[in-house]
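Data first, discussion second: the structure below is written as structure tokens.
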Amino acid sequence: MSDLRELYQEVIFDHYRKPRNCHALDCANHKADGYNALCGDQVSVYLKVENGIIEDLSFSGSGCAISTASASMMTEALKGKKLEEVEHLFNEFHQMVTTADEVPHEDLGKLEVLAGVREFPARVKCATLAWHTLHAALKDQQQPISTE
Ligand code: ZN
């Protein structure tokens, strides 16, 4: 188990050091900002949605390793996905990091490396910040979202 944990940490730190899709998106037609006061994480999520599909997405901001890695992995996982699939993955991800049961979340693929945060309740907000911000962007919520 500890080997697996090390591998997971490796993946998280890789995304933290080299975040994927970390830039503003000029062609975005949805955007929202999120803030996790507990940790100080800030994230903006940019989406280009056409015909119910996320054609492109990106994020910018600054935060801890967990929030940055989670945002980076989210953008990789959701590119090209239909909005129904995105909703499904959001729910799966949220369930994975907030409930203790060890049900496999096959649909989440690589995102499963973040499952460990469920043991650290304060970190759950870091891991879900980008996802909540994505949700707000899809709803064109103008108010910056806060995890409080
Ligand atoms: Zn954080």
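What follows draws every value from the coordinates through simple rules; no lab data is involved. This structure is a prediction, so every number in the text was calculated from the model and none was measured. Note that we place each Cβ from the backbone using ideal geometry, even for glycine, and neighbour counts take in every protein chain shown.
So here's what we get for this one:
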item	result
FRET efficiency estimate (nearest 0.05) - Cβ-Cβ, Lys139 to His88, R0 25 angstrom	0.90
Partners for Lys81 among lysines (Cα-Cα distance below 16 Å; same-chain residues under 8 apart left out)	Lys48, Lys110
Neighbourhood charge, 13 Å Cβ-Cβ cut-off, centred on Glu119 and excluding it, Lys, Arg +1 and Asp, Glu -1	+2
Theoretical gain in end-to-end length, His23 to Tyr8 [0.36 nm per residue, Cα-Cα removed]	2.9 nm
Aspartates and glutamates whose Cα lies under 17 Å from that of Lys139, excluding same-chain neighbours fewer than 8 positions away	Asp33, Glu50, Glu55, Asp56, Glu84, Glu85, Glu87
Modelled label reach - Ala115, point 7 Å along Cα→Cβ, region 61-101 residues with backbone N closer than 14 Å	92-101
Taking His135, His15, His88, His94 and counting other C-beta atoms within 10 Å, the order from fewest to most	His88, His94, His135, His15
Cα gyration tensor shape for the chain, rounded if a/c is under 1.5, else prolate or oblate	prolate
Per-residue Cβ neighbour rank within 10 angstrom, fewest leading, Ile66, Ile12	Ile12, Ile66
Computed [θ] at 222 nm, helices only, for the chain once each DSSP H run of length n ≥ 4 contributes -39500 (n - 2.57)	-14500 deg cm²/dmol
